[in-house]
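Enquirer: Pasting a structure below so you can have a look.
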Amino acid sequence: MLQAKEITKKFRQQVVLQQACLEVNSEIKALIGINGSGKSTFLKIVAGIVSADHGKVFLNNCDVTSLPPEQRNVGYVPQHPALFQHLTVKENILYGMRNGKGSIDTYERIVDLLDLQAVLDKHPRELSGGYRTRTSLARALVPQPQILLMDEPLTGIDVVLKERILPDFRKVLKELQVPVLYVTHDPKEAELLADNYALMDNGQVRQVDTSAEAFELIRTSILQEYA
Ligand SMILES: Nc1ncnc2c1ncn2[C@@H]1O[C@H](COP(=O)(O)OP(=O)(O)OP(=O)(O)O)[C@@H](O)[C@H]1O
Ligand SMILES: [Mg+2]
């Protein structure tokens, strides 16, 4: 379970997050917001890659605010996931298990669930975009993280392929019972994957009931800005 409390972050004079609060329990939550609204910054603060100016991050009721990323047990798939080009798919996934994290049983289960068996000996350049994304997801999942953070991992992937991949991902994530915070711009993506939705708006996170409501709020704020 993740609780982010009153997270504030400034870059020079620009206030990006202002007392943003968000909770993820056992669900898959989509975090929606316009470009530059602070979604990636928020994820990086939860992962421990960027430090907040103010506020606290709790994971399973432990205060991890001052812990480095490797001690947080958080899975993170960045906005532009980079696989190691000189390593095979199998070696890329096993990299997630360095420092004794995870187990070979979990590795085999995840490879099976994500249908990666046939490509394990290939190199990333030989894979389609969809399989590269599956590989980065597997690498983030094998250490059995307490929560998985995904930052628009399907950018640049065709809508048709998204429609095939996302229900698969949802099944895998539900089967592994891992809570997820998933950043996206795409209402369809949010609906295919998430149980509920939150909106990054003016430095704060707002809970919304449907992805349609989130996108309506975004539309209104963009139109106001350009009116
Ligand atoms: N390291 C940094 N130094 C200075 N400014 C930064 C830094 N990282 C982010 N910013 C600024 O903070 C704001 C929020 O950036 P962030 O990447 O979190 O937004 P985002 O919601 O993820 O956007 P996008 O949808 O384009 O990915 C932007 O104005 C960005 O330029
Ligand atoms: Mg971003």
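The values are calculated or read from the model by the stated rules, or taken from the named source; none is laboratory data. A quick note: this is a predicted structure, and the numbers were derived from the prediction, not measured. Cβ coordinates were reconstructed from backbone atoms using ideal geometry, including for glycine residues, and neighbour counts include every protein chain displayed.
Enquirer: So, Glu23, is that one free of Cβ contacts under 8 Å to residues at least 60 places away in the same chain, among the acidic types (Asp, Glu) and within 30 Å of Asp209 (Cβ to Cβ) or not? Break it down into steps so the answer makes sense when it comes.
Expert: On the way: free of Cβ contacts under 8 Å to residues at least 60 places away in the same chain: yes; among the acidic types (Asp, Glu): yes; within 30 Å of Asp209 (Cβ to Cβ): yes.
Taking the combined requirement at face value, the residue satisfies it.
Enquirer: Just wondering, is there one or more residues in region 38-48 that are more than 16 Å from ligand 2 (Cβ to nearest atom) and either in contact with a Cys (Cβ under 9 Å, 6 or more places away or on another chain) or part of a loop (DSSP other than H, G, I, E, B) (or both)?
Expert: At the first step, the residues of region 38-48 found to be more than 16 Å from ligand 2 (Cβ to nearest atom) are 48.
Still in the running and either in contact with a Cys (Cβ under 9 Å, 6 or more places away or on another chain) or part of a loop (DSSP other than H, G, I, E, B) (or both): 48.
Yes, that holds for at least one residue.
Enquirer: Among the residues of region 113-129, what is the count of those that are under 16 Å from Leu166 (Cα atoms) and surrounded by fewer than 16 Cβ atoms within 10 Å (Cβ to Cβ)? Before the answer, list the steps.
Expert: Taking region 113-129 and keeping what is under 16 Å from Leu166 (Cα atoms), we get 113-116, 128-129.
From what's left, surrounded by fewer than 16 Cβ atoms within 10 Å (Cβ to Cβ): 115, 128-129.
So the answer is 3.
Enquirer: Can you tell me which condition Ala20 does not meet? The list is (1) within 16 Å of ligand 1 (Cβ to nearest atom); (2) in contact with a Leu (Cβ under 6 Å, 6 or more places away or on another chain), and all the others hold.
Expert: Only one criterion is unmet by Ala20, namely (2).
Enquirer: Which one of Tyr95, Tyr76 is crowded, with 20+ Cβ neighbours inside 10 Å, more than 28 Å from Glu216 (Cβ to Cβ) and among the aromatic types (Phe, Trp, Tyr)?
Expert: One residue alone meets the criteria, Tyr76.
Enquirer: Give the residue that is nearest to ligand 2 (Cβ to nearest atom), with candidates limited to residues of region 73-87 that are of a type in the set (A, V, I, L, M) and closer than 18 Å to Pro179 by Cβ. Talk me through it step by step, then tell me what you get.
Expert: Here is the first cut: in region 73-87, the ones of a type in the set (A, V, I, L, M) are 74, 77, 82-83, 87.
Add one more test, that the residue is closer than 18 Å to Pro179 by Cβ, and what stays is 74, 77.
On the way: Val74: 17, Val77: 12 Å.
Among those that are of a type in the set (A, V, I, L, M) and closer than 18 Å to Pro179 by Cβ, it is Val77.
Enquirer: Return yes or no: is Ala52 part of a loop (DSSP other than H, G, I, E, B), surrounded by 17 or more Cβ atoms within 10 Å (Cβ to Cβ) and among the small types (Gly, Ala, Ser)? If you could, list the steps in order and put the result at the bottom.
Expert: Working: part of a loop (DSSP other than H, G, I, E, B): yes; surrounded by 17 or more Cβ atoms within 10 Å (Cβ to Cβ): yes; among the small types (Gly, Ala, Ser): yes.
Answer is yes for this residue.
Enquirer: Out of Ala190, Ala212, Ala140, I need the residue that is surrounded by 22 or more Cβ atoms within 10 Å (Cβ to Cβ), part of a helix (DSSP H, G or I) and more than 16 Å from ligand 2 (Cβ to nearest atom). Which one? Give the steps one after another, and end with the answer.
Expert: Numbers: Ala190 fails: more than 16 Å from ligand 2 (Cβ to nearest atom); Ala212 fails: surrounded by 22 or more Cβ atoms within 10 Å (Cβ to Cβ).
Being surrounded by 22 or more Cβ atoms within 10 Å (Cβ to Cβ), part of a helix (DSSP H, G or I) and more than 16 Å from ligand 2 (Cβ to nearest atom) holds for just one of Ala190, Ala212, Ala140, which is Ala140.
Enquirer: Could I ask something else about it? When you go through (1) within 16 Å of ligand 2 (Cβ to nearest atom); (2) in a strand (DSSP E or B); (3) farther than 25 Å from Lys174 by Cβ one by one for Leu22, which number turns out not to apply?
Expert: Result: Leu22 passes all but (3).
Enquirer: In this structure, does Asn61 turn out to be surrounded by fewer than 22 Cβ atoms within 10 Å (Cβ to Cβ), at negative phi, more than 10 Å from ligand 1 (Cβ to nearest atom) and in contact (Cβ under 8 Å) with a residue 12 or more places away in the chain? Outline the logic, then answer.
Expert: On the way: surrounded by fewer than 22 Cβ atoms within 10 Å (Cβ to Cβ): yes; at negative phi: no; more than 10 Å from ligand 1 (Cβ to nearest atom): yes; in contact (Cβ under 8 Å) with a residue 12 or more places away in the chain: yes.
The answer is no for Asn61.
Enquirer: Just a yes or no: is a residue in region 42-62 modelled with pLDDT under 95 and among the basic types (Lys, Arg)?
Expert: no
Enquirer: Could you list all residues from region 46-60 that are out of contact with any Ser or Thr (no Cβ under 7 Å at 6 or more places or on another chain) and more than 15 Å from Pro145 (Cα to Cα)?
Expert: Filtering region 46-60 down to residues out of contact with any Ser or Thr (no Cβ under 7 Å at 6 or more places or on another chain) leaves 46-49, 51, 58-60.
Ile49, Ser51, listed by residue number.
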